[in-house]
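I have placed the structure first, in the form of structure tokens, so that the comments after it can refer back to it.
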């Protein structure tokens, strides 16, 4: 408690107030500041590593978006990230806290590889379609298991999805590390499957440049998510479930069913990310090439403000950062580990910007 | 004598509203000073400023004649102010004693429960409060929880006690007891700020300050005041209080039963028997009142009758067809409307717009879709029509519901449930926390539905209102029906006795 005697009357001061309505230019300004602040903190990190900060940034952005080749590599890298970002958005908008995108990526890759082995004799178009479909079904299946555990038995979805991430990665490790899918070539056993036949590889969009058709799938998935969430009764239910499941259930919607649908869609999209990476980029099933897409997808969904367009932009940004990281490491002698650190920093500053966008600063006269 | 606590020209703004507009108020030693006004008049904001929750933008507060500034409740507590909130701030899994001691930091790091117990025991004796200090708060009745709140304030040596709508959750008996304790505190020179919008309570105060739209209308001695005069000050106009029963529905034509409930029982997940052997009938063109101390099965009854809960035994028929075990969607499609008591939690999606909330539950209905998509045009048109028909005060149909006042939010629910239902209307506390004007409106709408031939189940804590507009009143206690009375032949005391089980015992 302090006496107010020593306070001048009529003093002006700055106050923070909550906004009733969002303001587009203010929001943009907040995200811009967040980006600059994030870059500033990253610069600090680079500086402590002893490298030339300016050179590091220039090589980073050059490597990411400096040429047509760089763009193509970045978009290819972005493809699975956009997909796992979208998978996150569908679940999180319903406030279903699924951390299972990682496992669903593996599961999708495995389902697709199974179809790749089983349907090898079919015509190419049908063969590819079945591979993609199987991957999506496998991802959806894993999501549905978590949803049923939650609706039937009340198992927290965070726990169940995290646990299933472990189960799936160990299952995959077994299958390709001594199990039936292990590549048999010489006496040396790598943890990988045999090369995927040409007929099963996702076609490139521009000649031999390594941007494959899954990038188009990712954009279609983004439009699909936007339309479903914003324009359909199901989307109404998903959003309403996120805000207030009690009222939604009391007014006649079966929210258990909604949750299963949410996890099926989320899982299918994450599964597609696994298909994209294995059948579009690495052309072998390996654990290390798949690792982290699901977790990074959560960051991308959050940075994208849980909006599909946001996930596309954030996905491309992150794809670029990862491509550029290689150049930066080679040319500026900066450890590539700076990039994941930068991603984490950007997540934090963007989350703060998301909150700040809901407030405004006003000057008030304390004595009026 | 100079005032103990005083605020001068106190102004507090929130985005878009001035909650307190140059409010001047003072509190004398040992008096009960009532803050009286409608919901949203600024009573709670003023008390929150006086308790340091909010920092006013203008004006100042004086304590014992010298200016003070409260940066947080801690500062207010330091000068001897205590507050009992409308919604209690207790830890359910702590004992009474632990709840009283928690956060007091009286003895540094070590928790000295022994001397605390002695002090609390002394306080209980002083005020004739009979409480088991080792009982867990979760096991206490609501009235007893309030005593714990009061003891918390007294334990911190409060000289000034702010009571925010203290009787909102109490039975008539418990309320009476509370005022007895208030009397005793005044005799011990504790001053009380009593926030209320109930006339019977205001009249027990020493002085009353009436607030309207954030500003002080006037401060009067109760000895010089009449209820009529205070009501007029509160609403700024003469009110023909409340709606009364029209006689149209009492004509002798034979009414058909719409809802029949036979021997329905429901056991809650906790294993407690929430409803036991409930049998009742509601006819078309009839309002059946439901009275009971809150928490005696009314909520479960409403949820069973709207398909949210499935009863464990018994049968429910609607227009002659058995609907037992069906889902809430089936009930809605058979014309049952529900106005839940917790409107923001159970009836609305607060972040959704008004027009989106108007279709909650009907989002897959052809009326609001075109093909597989929601029709923005149809939703907007429906929203606009509803806003006009129910006089909802909003800038547009796209305004989020959480920007609305309680009354307007309630009208959104009324609009939806009235227009979508056709046979049975279930209204649980539809007027709770609303202004007089809106209360009248809600009741007149319910009566209009009754006159259209709806069957209505109406629960309210305002027994006089129930007596005024119901045809019959069913009284519940401990999950059982303890009486069904004819509204015209009954009285508040009779129903009050039934509610508290005074006759059943």
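Within region B:70-92, is there a residue that is more than 14 Å from chain A (Cβ to nearest Cβ), in a helix (DSSP H, G or I) and on the phi < 0 side of the Ramachandran plot? No - not one qualifying residue is present in region B:70-92.
This table checks each residue for (1) out of contact with any strand residue (DSSP E or B) (no Cβ under 7 Å at 6 or more places or on another chain); (2) buried (at least 22 other Cβ atoms within 10 Å of the Cβ); (3) on the phi > 0 side of the Ramachandran plot.
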residue	(1), (2), (3)
B:360	yes, yes, no
B:364	yes, no, no
B:368	no, yes, no
B:371	yes, no, yes
B:377	yes, no, no
B:385	yes, no, no
B:388	yes, no, no
B:393	yes, no, no
B:398	no, no, no
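Against the numbered list (1) closer than 24 Å to residue A:80 by Cα; (2) within 14 Å of chain B (Cβ to nearest Cβ); (3) modelled with pLDDT under 95, residue A:252 comes up short only at (1).
The residue list B:148, B:210 contains one member that is over 23 Å from residue B:26 (Cβ atoms), surrounded by 20 or more Cβ atoms within 10 Å (Cβ to Cβ) and modelled with pLDDT of 90 or more, which is B:148.
Remark: pairs (first residue in region A:214-229, within 14 Å of chain B (Cβ to nearest Cβ); second residue surrounded by fewer than 21 Cβ atoms within 10 Å (Cβ to Cβ) and in a helix (DSSP H, G or I); Cβ separation under 8 Å; 6+ apart in sequence or on different chains) = A:226/A:309; A:228/A:234; A:229/A:239.
Looking across region A:324-362 at every residue that is in contact (Cβ under 8 Å) with a residue 24 or more places away in the chain and part of a loop (DSSP other than H, G, I, E, B), the one that is farthest from the chain's Cα centre (by Cα) is identified as A:333.
Among the residues making up region B:270-313, those that are under 30 Å from residue B:464 (Cβ atoms), outside any strand (DSSP E or B) and away from chain A (no Cβ under 14 Å) are B:284, B:285, B:292, B:293, B:294, B:295, B:296, B:297, B:298, B:301. Could you please let me know if residue B:380 is in contact with a helix residue (DSSP H, G or I) (Cβ under 8 Å, 6 or more places away or on another chain), over 25 Å from residue A:254 (Cβ atoms), free of Cβ contacts under 8 Å to residues at least 24 places away in the same chain and away from chain A (no Cβ under 12 Å)? The answer is no for residue B:380.
Could you count how many residues in region A:226-264 are part of a loop (DSSP other than H, G, I, E, B) and within 27 Å of residue B:304 (Cα to Cα)? Explain how you work it out, then say what you get.
Start the filter on region A:226-264 by keeping residues that are part of a loop (DSSP other than H, G, I, E, B), which leaves A:232, A:244, A:251-254.
This time we only want the ones that are within 27 Å of residue B:304 (Cα to Cα), so: A:244, A:251-254.
Number of matching residues: 5.
Residues of region B:314-342 that are under 26 Å from residue B:380 (Cα atoms), surrounded by 19 or more Cβ atoms within 10 Å (Cβ to Cβ) and more than 9 Å from chain A (Cβ to nearest Cβ): B:336, B:337, B:339.
When residue B:397 is tested against (1) within 12 Å of chain A (Cβ to nearest Cβ); (2) within 19 Å of residue A:239 (Cβ to Cβ), exactly one condition is not met: (1). Checking B:265, B:270 one by one, the residue that is over 27 Å from residue B:473 (Cα atoms) and free of Cβ contacts under 8 Å to residues at least 60 places away in the same chain is B:270 and no other. As for region A:10-26, it holds at least one residue that is more than 14 Å from chain B (Cβ to nearest Cβ), under 30 Å from residue B:57 (Cα atoms), modelled with pLDDT under 85 and within 26 Å of the chain's Cα centre (by Cα). In the condition set (1) buried (at least 20 other Cβ atoms within 10 Å of the Cβ); (2) touching a residue at least 60 places away in the same chain (Cβ under 8 Å), residue B:355 is compliant with all but (2).
If we scan region B:408-417, do we find a residue that is within 27 Å of the chain's Cα centre (by Cα) and modelled with pLDDT under 90? Yes, that holds for at least one residue.
The residues listed here are A:295, A:350; of these, the one that is at pLDDT 85 or above and farther than 29 Å from residue A:176 by Cα is A:350.
I'd like to check something: does region B:402-409 contain any residue that is free of Cβ contacts under 8 Å to residues at least 60 places away in the same chain, at positive phi and within 12 Å of another protein chain (Cβ to nearest Cβ)? No, because not a single residue in region B:402-409 is free of Cβ contacts under 8 Å to residues at least 60 places away in the same chain, at positive phi and within 12 Å of another protein chain (Cβ to nearest Cβ).
Any residue at all in region B:443-459 that is modelled with pLDDT under 85 and either in a loop (DSSP other than H, G, I, E, B) or surrounded by 20 or more Cβ atoms within 10 Å (Cβ to Cβ) (or both)?
Narrowing region B:443-459 to residues modelled with pLDDT under 85: none.
No, every residue in region B:443-459 fails to be modelled with pLDDT under 85 and either in a loop (DSSP other than H, G, I, E, B) or surrounded by 20 or more Cβ atoms within 10 Å (Cβ to Cβ) (or both).
Residue count for region A:237-249 satisfying the condition of being crowded, with 24+ Cβ neighbours inside 10 Å and either under 19 Å from residue A:99 (Cβ atoms) or more than 9 Å from chain B (Cβ to nearest Cβ) (or both): 1. Restricting attention to region B:4-58, the residues being within 12 Å of chain A (Cβ to nearest Cβ), buried (at least 22 other Cβ atoms within 10 Å of the Cβ) and in a loop (DSSP other than H, G, I, E, B) number 2.
The values are calculated or read from the model by the stated rules, or taken from the named source; none is laboratory data. Since this is a predicted model, take the numbers as computed values, not measurements. Virtual Cβ from ideal backbone geometry, glycine too; neighbours counted across all protein chains shown.
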